[in-house]
Amino acid sequence: MDSRHSTISSSVSISTPRFRCFDPTNLYSSSPNHSRRHFSALSPTSMNGSMENLVNSEPKIVTGPSGYVLEDVPHLTDYIPEIPTYSNPLQVNPAYSVVKQYFVNMDDTVAQKIVVEKNSPRGIHFRRAGPRQKVYFEPEEVYACIVTCGGLCPGLNTVIREIVCGLYHMYGVHKVLGIEGGYRGFYARNTIPLTPKVVNDIHKRGGTILGTSRGGQDTSKIVDSIQDRGINQVYIIGGDGTQKGASVIFEEIRRRGLKVAVAGIPKTIDNDIPVMDKSFGFDTAVEEAQRAINAAHIESESFENGIGLVKLMGRHSGRLHNSNRYFNTRCDTTKLLGELETGFIAMYATLASRDVDCCLIPESPFYLEGAGGLLEYIEKRLKENGHMVIVIAEGAEQEVCSESMRTTDQQDASGNKRLPDVGLWISQKIKDHFSKTKKMAINLKYIDPTYMIRAVPSNASDNVYCTLLSHSVVHGAMAGYTGFTVGQVNGRHAYIPFYRVTEKQNKVVITDRMWARLLASTNQPSFLDHKDVFGDEKEGAPKNQPINGNNYLQATTTTLGGPNDVAEDKKQLETPMLSINGNE
């Protein structure tokens with residue numbers, strides 16, 4: 001395989017004998033450059049101490065020539081070597097047997113990065129999703145279950161439907177169980193038999209027919225229930241917290257030596273799952289968010305000095321940005337950058353709408369008062385146009401908002417931080433400003449469509465995407481893969497280890513061209529206070545220098561740590577985090 005091939009296609013085929021796998025005793029190994037650690041979503045107390053007994057498996061890494069690295073997913077044969085194989089039922093299925101090259105080559109992989117330089121290494125790959133010639137389950141022996149956890153998201157019912165129909169129609173599996181109420185349903189013994197007839201039209205409804213919940217997992221009880229019922233395929237639909245829980249469940253199943261495939265379908269409406277192009281439900285969320293923006297635009301146009309303010313979802317991830325190396329010691333980086341909330345829905349809804357005058361997201365901090373602040377920009381825009389529309393992501397300026405509203409740190413059952421309503425906070429700040437200055441009377445309308453967006457059925461695009469994800473995860477489980485999640489990487493579906501989707505979260509990169517397109521659309525300025533980055537004027541910082549691009553990076557080199565730190569941070573800033581950001 002020519003190393004240039006990875007620059008042409010995101011899916012490549014490898015020749016297995018040319019590659020070596022570390023630690024051949026169990027095919028699990030770690031490389032200094034690719035070491036990962038598994039996260040635990042379930043606390044030792046909630047798991048009754050079972051965490052101490054779990055096997056700490058290392059990532060399954062395969063290396064090859066030209067810098068090729070395959071981050072492989074576990075397989076049942078890793079710990080049960082003598083499992084028999086069977087011919088795939090799709091070989092005699094009239095719908096699929098006529099499709100040429102329908103089966104995936106066992107050595108096919110998908111490149112994480114397809115835009116490379118001439119002499120770049122081939123980089124990280126993932127195992128390509130799809131049906132294999134051989135399967136490790138007979139249709140009659142399969143007893144599958146499906147569970148949904150966490151918050152609602154468009155497309156949940158579509159995923160449930162397509163897993164059930166895929167098992168029935170592609171593999172002849174007739175025993176599928178729905179677990180009600182999230183992880184608790186495993187040991188509360190709430191179940192629903194699922195058949196194609198039961199799930200026939202559920203994709204037309206929002207929510208999930210299985211119900212959902214957050215937190216309260218007990219791994220030992222869950223695996224006991226799986227073992228007692230004779231379940232041997234577990235499909236878990238949920239966000240990063242749910243996938244962390246799925247990873248721990250897989251580890252316990254592996255420790256017990258059970259022939260049970262554990263597969264995840266990642267869900268988050270916020271689209272901040274790493275590695276993958278996008279998460280299901282995101283397209284629907286952006287489409288629905290536009291309805292709220294359109295309403296805000298009509299309201300603002302209809303009144304003198306009208307302001308339409310729309311708050312959209314933007315999740316809190318609970319991880320700080322690279323300490324405070326970007327800023328001098330005067331700057332409170334927690335206040336400035338927040339804790340990696342995300343603004344993908346706000347950004348894409350703004351770009352799609354073209355009616356927005358200002359978009360505020362957590363990744364691009366802003367300030368209210370003074371020259372160049374948000375309030376000054378609102379005054380300017382109202383004088384020019386007589387109305388304006390503002391979109392704000394719920395995670396924006398949470399530190400200041402929390403202090404102002406005197407809220408304390410609270411968490412939901414999954415450990416996610418409860419965010420105060422930044423829309424109400426900024427609405428009041430705008431009203432107070434114009435009331436105090438008495439420069440003009442304003443008419444502000446605040447719209448929060450959060451739960452309306454979460455509860456709608458998925459649109460056509462998401463329905464197709466959910467179908468592909470569901471079929472891919474079924475193919476993976478039948479082929480004996482376990483401890484994996486499925487996602488689209490550079491347009492190709494792949495099997496991804498759990499740790500890769502739970503170790504971090506994506507965020508909008510404000511040095512990326514997609515954010516530049518948004519700024520060109522809204523014509524909004526940077527609201528970042530120059531003092532927060534450059535320090536006082538006496539320190540030699542230009543007062544009105546823009547805070548973006550190369551100027552921003554140059555500023556950090558004059559006030560911060562050594563050249564190695566600066567080079568590392570610059571590399572991180574310039575690296576695109578998500579291929580949906582224009583594939584650039």
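Every number in this text was worked out from the coordinates using simple rules, so none of it is lab data. The structure presented is a predicted model; accordingly, all values stated were derived computationally and were not measured. Here the Cβ is made from the backbone with ideal geometry for all residues, glycine too, and neighbour counts use every protein chain on show.
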Amide H contacts of residue 280 (H built 1.01 Å from N, under 5 Å, at least 5 apart or other chain)
268
Using per-residue counts of other Cβ atoms within 10 Å, averaged over each peptide, order 154-165, 68-79 from highest down.
154-165, 68-79
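Net charge near residue 292, counting Lys/Arg +1 and Asp/Glu -1 over other residues with Cβ under 10 Å of its Cβ? Let's see the in-between values first.
Numbers: positive: 291, 311; negative: 288, 448.
Taking every other residue near residue 292 into account, the sum is 0.
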For the residue pair residue 92 and residue 303, what label-to-label distance in nm results when each label sits 7 Å from Cα along the Cα-to-beta-carbon direction?
7.0 nm
Could you give the nm distance between label points at residue 383 and residue 133, where each point is 7 Å from its Cα heading toward the beta carbon?
7.5 nm
Between residue 180 and residues 5 or more places away or on another chain, the pairs with built amide H atoms under 5 Å apart involve 190, 191, 192
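How big is the charge dipole of the range 154-217 about its Cα centre, in debye rounded to the nearest 20, if each Lys and Arg gets +1 on its Cβ and each Asp and Glu gets -1 on its Cβ? Can you show the working numbers first?
Working: 8 positive and 3 negative charges, 24 e Å.
It works out to roughly 120 debye.
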With only Lys, Arg, Asp and Glu charged, each at its Cβ (+1 for the first two, -1 for the last two), find how big the charge dipole of the range 78-133 is about the Cα centre; round to the nearest 20 debye.
280 debye
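Tally Lys and Arg at +1 and Asp and Glu at -1 over the other residues with C-beta under 14 Å from the C-beta of residue 472: what net charge comes out? Working shown, then result.
On the way: positive: 127, 128, 132, 492; negative: 108, 162, 277.
Result for the local shell: +1.
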Rounded, prolate or oblate for the range 185-307? Axes are the square roots of the Cα gyration tensor eigenvalues, ordered a ≥ b ≥ c, and the cut-off for rounded is a/c under 1.5.
prolate
Report, to one decimal in Å, the Kirkwood hydrodynamic radius for the range 71-225 based on all distinct Cα pairs.
18.4 Å
Given 25 °C and 0.890 mPa s, how large is the Stokes-Einstein diffusion coefficient of the range 449-488 in µm²/s, with Rh as the Kirkwood radius over Cα pairs?
207 µm²/s
What is the sum of charges around residue 230, taking Lys and Arg as +1, Asp and Glu as -1, for the other residues whose C-beta is under 10 Å from the C-beta of residue 230?
0
Expressed in nanometres to one decimal, the distance between label points 7 Å along Cα→Cβ at residue 120 and residue 169 is 3.9 nm
Per residue of the range 225-233, in order, report the coupling 6.51 cos²θ - 1.76 cosθ + 1.60 (Karplus, θ = phi - 60°) as ³J(HN,Hα) in whole Hz, putting x for Gly and Pro.
5, 4, 5, 5, 7, x, 6, 10, 9
So if each residue of separation counts as 0.36 nm, and I subtract the Cα-Cα distance between residue 451 and residue 66, what length gain in nm does that give?
133.8 nm
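Of 380/504; 197/267; 113/204, which sit over 30 Å apart, Cα to Cα? Kindly include the intermediate steps, with their values, before the conclusion.
On the way: 380/504 39 Å; 197/267 25 Å; 113/204 35 Å.
Beyond 30 Å: 380/504; 113/204.
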